[in-house]
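J.: My questions all concern the structure below.
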Amino acid sequence: MTLHRLSFLTFAVLLAGVSHAHEYTVKQLQIGHPYARPTVAHQPGGAAYLSIENKGSQGDRLVGVTSPVAKSAQIHTMSMEGNVMKMREVGEIGLPPGAKVEMKPGNGYHIMLMGLNQPLKAGEKIPLTLSFEKAGKTEVSVLVEDAGKQPGQQATPVPALHQH
């Protein structure tokens, strides 16, 4: 293997690692891996996920979210009540010192993007502004990821119907 080819492969491996690990820091808050799932044509909404860790000694709160890709963005929670999945808007998330909130599909907190301007496509990045009570506003780049997709499979869209 030539030195040129080895250098190129090393660079490609390093670049691949960087493209999936994206974190942001705003004051004492660390925001990790913002991502969303692809949607399909005419799907009115989508969901975004991320983690927020409060590494400071004072509490804070996520009090709002906005994105130019949707008419509105809301903080929601999902939970199982008996055999029924319930979703509701919560408005804010408390972040006491040392707390870590992990937004992920299926259960718990997530960000709903309501009234999408166009479908979210795998591989694209969308802007999302997070508003914190004390730390202020910060913009993050949300990567649209198609988790678990095998070559040749269609994207799995986020369900469009929600129970409130």
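J.: Give LYS55/LYS86; LYS55/LYS134; LYS55/LYS125; LYS27/LYS121 a once-over and call out the pairs whose C-alpha atoms are over 25 Å from each other. Can you show the working numbers first?
T.: Details: LYS55/LYS86 31 Å; LYS55/LYS134 14 Å; LYS55/LYS125 27 Å; LYS27/LYS121 31 Å.
Result: LYS55/LYS86; LYS55/LYS125; LYS27/LYS121 exceed 25 Å.
J.: A further question follows. So if I take the centroid of the Cα atoms in the stretch 58-90 and the same for the stretch 27-42, what is the distance between those two points in Å?
T.: Between the Cα centres of the stretch 58-90 and the stretch 27-42 lies a distance of 13 Å.
J.: Out of residues 5 or more away from VAL142 or on other chains, whose amide H comes under 5 Å of its own, with H placed 1.01 Å from N in the peptide plane?
T.: Counting only residues 5 or more places away or on other chains, the set is ILE126, LEU128.
J.: Let me ask you something else. Note down the net charge around TYR49, summing +1 for each Lys or Arg and -1 for each Asp or Glu among other residues with Cβ under 11 Å from its Cβ.
T.: On the way: positive: ARG37, LYS104; negative: GLU102, GLU145.
Once all neighbours under 11 Å are counted, the net charge is 0.
J.: On to the next question. Work through the residues other than VAL69 whose Cβ is under 14 Å from its Cβ and net out their charges, Lys, Arg +1 and Asp, Glu -1. Let's see the in-between values first.
T.: Numbers: positive: ARG37, LYS71, LYS121, LYS125; negative: GLU124, GLU139.
Once all neighbours under 14 Å are counted, the net charge is +2.
J.: From the square roots a ≥ b ≥ c of the eigenvalues of the alpha-carbon gyration tensor of the stretch 22-144, which class results: rounded (a/c under 1.5), prolate (a/b over b/c), or oblate?
T.: Judged from the Cα gyration tensor, the stretch 22-144 comes out oblate (a/c at least 1.5, b/c at or above a/b).
J.: For the stretch 82-126, what does the alpha-carbon gyration tensor say about shape, rounded, prolate or oblate, given a ≥ b ≥ c as the root eigenvalues, a/c under 1.5 as rounded, and a/b over b/c as prolate?
T.: Oblate.
J.: Could you go through the stretch 114-123 in sequence order and give the Karplus-derived ³J(HN,Hα) for each residue, using 6.51 cos²θ - 1.76 cosθ + 1.60 with θ = phi - 60°, rounded to whole Hz, and x for Gly and Pro?
T.: 9, x, 4, 6, 7, x, 7, 10, 3, x
J.: Pop out the ³J(HN,Hα) list for the stretch 76-90 in order, Karplus 6.51 cos²θ - 1.76 cosθ + 1.60 with θ = phi - 60°, rounded to Hz; leave Gly and Pro as x.
T.: Result, rounded to whole Hz: 10, 10, 10, 8, 8, 10, x, 9, 10, 7, 10, 10, 8, 6, 10.
J.: I need the phi-derived Karplus couplings for the stretch 136-146: 6.51 cos²θ - 1.76 cosθ + 1.60, θ = phi - 60°, integer Hz, Gly and Pro marked x.
T.: x, 9, 8, 9, 10, 9, 9, 8, 7, 10, 9
A short reminder: the numbers here are calculations on the coordinates, not readings from a lab. Quick caveat: nothing in here was measured; it's all calculated off a predicted structure. When we count neighbours, we look across all protein chains shown, and the Cβ atoms used for this are built from the backbone with ideal geometry, even at glycine.
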